[in-house]
Ligand SMILES: NC(=O)c1ccc[n+]([C@@H]2O[C@H](COP(=O)([O-])OP(=O)(O)OC[C@H]3O[C@@H](n4cnc5c(N)ncnc54)[C@H](O)[C@@H]3O)[C@@H](O)[C@H]2O)c1
């Protein structure tokens, strides 16, 4: 059954939600304050790189089931369901900043029809359904938590094939109405109270971050004892209680969610009187990982980085996205610049000339990035890097020196060509 839905905020989560909900047969209006983005989307131009999203937006515009607007009253007045997909950045004290959510609620509150279900999809602290209800200024609408678990790069696939749909509502009928939006998707529903739903999202992201930091810590041990982290992960991951997902070593984790969500959970725990030292350690191990990668680059550059040029492959926070927010690659690049190096970068998702920072040049070609560089540093796991012609790379570089922070290149092929190689967790 088609339901009139409004999605507030058309970023990675909002645009995916809107496009997928229209694909599922609902009538969707997407509201944003960014006029240029709305104009672009109305013409079918998708401003972010997300596999499959362009096709769904095109489909929605074609069927008339998807439209974009900046007019909040027009957008929400006839909606039965309103999704809030607004930014919740990290505040100065580590807790989530709810100002975007509160502002949007104040804006749409007066125009909502009585009985509208307002669903919070943003990642928010426990108790935010009450904050939303207060900011809407309405006691005749329902506020529900329905956190989103999609991963950037696979957002459309994840939305349409969720592992679960979590619904936090005080009213069972309202929860069922929210669940019915997802009918047809093969996923169990977890229907619970709003506080538990809100906590589930933070716990999921914090657990994933802990897995990643744990693997990076084990990688450091592997290097010292002569073990190979790739084999260690394989051997451990076949244990069904552990699994292989989120068990990759790397330059540190980042992106728009894990850093802010781990800090927010530490802050939530703090407020509740619990010192979440385990999660704080997860964050600390990650902070140290950026410097560990820089130390490896210094190592292959003869001990110091001043005046050196580093070819960096990949700047986005992971492969498959154009998102640079809180990218671990950028954290490593920052440290390289501080140490006096300059960086020539190539990233399949970034246009040449893209401004990143003084001392960073973004070029158009994987081999151009290597020209006369003192070392090559792989920072993101784009598949294009695995397919690079290593003979050409060797010809372009000044020194045959590689740091592979994602263990993505063929170590033996590099060694056969005489490269001095540093990987993560293997020698
Ligand atoms: N990005 C992810 O992978 C991901 C995954 C799961 C959950 N989340 C959570 O979802 C939320 C949104 O994340 P995102 O990455 O989509 O954010 P985003 O920054 O990509 O998009 C937010 C959008 O909201 C718009 N906006 C801001 N104020 C507005 C207002 N008053 N009215 C209408 N639109 C407004 C902005 O213009 C922007 O287009 C966050 O809480 C995030 O933690 C993100």
Item to check | Residue count for the stretch 136-149, restricted to those that are buried (at least 21 other Cβ atoms within 10 Å of the Cβ) and within 10 Å of the ligand (Cβ to nearest atom) | outcome: 2
Item to check | Candidates 15, 61, filtered to the one that is surrounded by 15 or more Cβ atoms within 10 Å (Cβ to Cβ), more than 20 Å from residue 142 (Cα to Cα), more than 10 Å from the ligand (Cβ to nearest atom) and modelled with pLDDT of 95 or more | outcome: 61
Checklist entry - Quick check: is even one residue across the stretch 406-413 outside the structural domain of residue 89 (by TED's automatic domain parsing), assigned to a strand (DSSP E or B) and under 24 Å from the mean Cα position of the chain (by Cα)? => result no
Next on the checklist: in contact with a helix residue (DSSP H, G or I) (Cβ under 9 Å, 6 or more places away or on another chain), within 16 Å of the ligand (Cβ to nearest atom) and at pLDDT 95 or above: which single residue out of 324, 315 fits that description?
Outcome noted: 324
Checklist entry - Of the residues that make up the stretch 307-316, is at least one touching a strand residue (DSSP E or B) at 6+ places or on another chain (Cβ under 9 Å), surrounded by fewer than 18 Cβ atoms within 10 Å (Cβ to Cβ) and under 28 Å from residue 396 (Cα atoms)? => result yes
Item to check | Test: residue in the stretch 250-265 that is away from the ligand (no atom under 16 Å from the Cβ), more than 17 Å from residue 421 (Cα to Cα) and surrounded by fewer than 18 Cβ atoms within 10 Å (Cβ to Cβ) | outcome: no
Next on the checklist: Where the second residue is near the ligand (Cβ under 7 Å from one of its atoms) and modelled with pLDDT of 95 or more and the first is closer than 15 Å to residue 281 by Cα and lies in the stretch 248-265, which pairs have Cβ atoms under 7 Å and are six or more apart or on separate chains?
Outcome noted: 261/123
Checklist entry - Is it true that residue 101 is within 23 Å of the chain's Cα centre (by Cα) and away from the ligand (no atom under 13 Å from the Cβ)? => result no
Checklist entry - Among the residues of the stretch 380-391, is any touching a strand residue (DSSP E or B) at 6+ places or on another chain (Cβ under 6 Å) and not assigned by TED's automatic domain parsing to the domain that holds residue 53? => result yes
Next on the checklist: For the stretch 20-52: of the residues being away from the ligand (no atom under 12 Å from the Cβ) and in contact (Cβ under 8 Å) with a residue 60 or more places away in the chain, which is farthest from the chain's Cα centre (by Cα)?
Outcome noted: 26
Checklist entry - Here is a list of conditions, (1) assigned by TED's automatic domain parsing to the domain that holds residue 297; (2) surrounded by fewer than 21 Cβ atoms within 10 Å (Cβ to Cβ); (3) part of a loop (DSSP other than H, G, I, E, B), and residue 427 meets all of them except one; can you say which number that is? => result (1)
Checklist entry - Is at least one residue of the stretch 105-113 away from the ligand (no atom under 12 Å from the Cβ), over 24 Å from residue 259 (Cβ atoms) and either touching a strand residue (DSSP E or B) at 6+ places or on another chain (Cβ under 6 Å) or in a helix (DSSP H, G or I) (or both)? => result yes
Checklist outcome for this item: For residue 244, the lone unmet condition from (1) over 23 Å from residue 294 (Cβ atoms); (2) surrounded by 18 or more Cβ atoms within 10 Å (Cβ to Cβ); (3) within 21 Å of the chain's Cα centre (by Cα) is (2)
Checklist entry - Does residue 150 satisfy being out of contact with any strand residue (DSSP E or B) (no Cβ under 7 Å at 6 or more places or on another chain) and touching a residue at least 12 places away in the same chain (Cβ under 8 Å)? => result yes
Item to check | Selection within the stretch 114-135 - part of a loop (DSSP other than H, G, I, E, B) and surrounded by fewer than 17 Cβ atoms within 10 Å (Cβ to Cβ) | outcome: 114, 115, 127
Checklist entry - Of all residues in the stretch 399-427, which are more than 30 Å from residue 214 (Cα to Cα) and out of contact with any strand residue (DSSP E or B) (no Cβ under 8 Å at 6 or more places or on another chain)? => result 416, 417, 418
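Here is a yes/no grid of residues against (1) out of contact with any strand residue (DSSP E or B) (no Cβ under 6 Å at 6 or more places or on another chain); (2) away from the ligand (no atom under 16 Å from the Cβ):
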| position | (1), (2) |
| --- | --- |
| 182 | no, no |
| 188 | yes, yes |
| 199 | yes, no |
| 209 | yes, no |
| 216 | yes, yes |
| 225 | yes, yes |
| 231 | yes, yes |
| 244 | yes, yes |
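The values are calculated or read from the model by the stated rules, or taken from the named source; none is laboratory data. This is a predicted model, so every value here is computed, not measured. Methodologically, a virtual Cβ is constructed for each residue, glycine included, from the backbone with ideal geometry; neighbour enumeration extends over all protein chains shown.
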